[in-house]
DNA sequence: CGCTCCGCGATTGTATACCATAAAAATACA
DNA sequence: TGTATTTTTATGGTATACAATCGCGGAGCG
């Protein structure tokens, strides 16, 4: 019930080996990893839940070895907390920190889209458009799961189009966090209001279409600005959901800051987007 | 052959009465992970080398289980390529991509330092200064290993001071890449010229001191600018080393780019640095 | 009545044996 | 003699058995 075909991270991000899509019979370890990962991202398993190895063994009908390997990989991804001799637990959302996420996204997303606007190849554009189309279809059908998934694939395709391995990896890591965070904005209540769900994501959809246009035309500045707009749009919605008090507890730590001086409006120069490597 | 000090005794079932505070755990899996990670980062094992599980078992006097767990963790970190049914190999540097690294660093180092300048607590500043002092000491002593290590700790402390989990994690991940890349700029040849080594890092040291000053004074703009200067300084040195042809092969892929239009000077606005959370 | 210490149970960490699979080699057939 | 197929073999993936560690609860003592 947890298998799909999209390219979630976890394996070699660059290598797209030969295909064996028909006989989708993943190895035990991979199966457990995918299933657990989906359950964690979809919040089927609540954050903070204790994950007992023996229980997972019974659930997935495998021995402890593949279970442990899956847990280790999930731990490296930040989805599972793994304390030595103390077992595993689903990572708390407080750790990932919703506010930090959108704050960082406010930088990462424009940067990534800037790079994509300047660097994307026609094939990249094609992929981006394809994933966006899937996302739009999911929105029209109020397909809860597809919305989350294809929105991930969409931004993942943009990450690929940035053609910078570091940015791609960092951005994709943040997208994983976003998967869980986005679920908070989609509590089960909204399932009863499919129309409202579609309406909300219709806004995201429209902004995303403009974003792709800017990227396709190579307009880096516009791509940055639209990416910022998109992030702010989503952030406002999710935060408003939180303020309603839905979903799991997300502790906002009382952080002591040295200063909170007003610094809005500072800028960071983006480096040259042209590569020095082409001449080598 | 690769261990510096402590944890090399493979079979010492002596009972340690109390605890070893925060020091290396004698756990098998952790030991293998640490050792392998060090060997990979220090380029003791060349990029691309095949890692045979049985060989590692003999080397570290453990069974395959902890070895496999260590390899999985290293794979998630991007230091090891793990192909199914094909074994493990040390990640190629081409994959991490030196050029991509400095390009991304040109953005994220100023961003991280900006956040640190605005958000760092006195305790953060204290930690940053302490690591910087260690770094300076290592430079003065031409301590090859300490230079790499404490420079990492120094920037890691800045990452902590940014007080944004996402930025902290992303920046720290890039620092791991930098560890290997920096080794390329320090080929064994320079060991014979300790003076030159110290001279080169003296420049890094001076810029780092200025960076800490800016962060301590909360001057975000200055911190950004100095961070950019520091990155460019290091990049120029490492790239020059590469052009000499030293070190391992670093394949600069002939990437097809859609366009290489001049976009230097574009800017990305940094978001507000003040947190909305303090009122909750 | 409370504190401490020891022993027990449960769970994680490690070792080893077994199975599946892919590269390699050898042989048989064209 | 070359190629294709089959067998071999080595390596990775999984299962299970064993050992170490931590938390907890009861008993003994202050």
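Here is how the numbers come out for the structure above:
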read-out	value
Estimated distance in nm for a label pair at residue B:126 and residue B:58, the labels positioned 7 Å out from Cα along Cα-to-Cβ	5.1 nm
Three-way shape call for region B:95-180 based on the alpha-carbon gyration tensor, with the a/c threshold at 1.5	oblate
Average beta carbon contacts from partner chains per residue of B:65-78, 10 Å cutoff	4
Highest to lowest packing among B:107-116, A:59-68, scored as the average C-beta count within 10 Å	B:107-116, A:59-68
Mean Cβ neighbour count within 10 Å, used as a protection proxy, ranking A:218-227, A:159-168 highest first	A:159-168, A:218-227
Per-residue average of Cβ from other chains inside 10 Å of A:36-44	0
Inter-chain Cβ neighbour average for residues A:114-123, partner chain, 10 Å	4
Peptides B:146-155, B:132-141, A:121-130 ordered by average Cβ neighbours within 10 Å, highest first	B:146-155, B:132-141, A:121-130
Extension gain (nm, one decimal) between residue B:221 and residue B:209, 0.36 nm per residue minus Cα-Cα	2.7 nm
Shortest-first nm distances, residue B:61 label point to equivalent points in other copies (7 Å, Cα→Cβ)	4.3
Residue A:50 paired with residue B:202, simple spin-label distance in nm, labels 7 Å along Cα-to-beta-carbon	5.9 nm
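Read-outs: derived from the displayed coordinates by stated rules, not from any lab. Computed from a prediction, not measured in an experiment: that's the story for all the values here. Cβ atoms come from the backbone with ideal geometry, glycine included; neighbour counts cover every protein chain shown.
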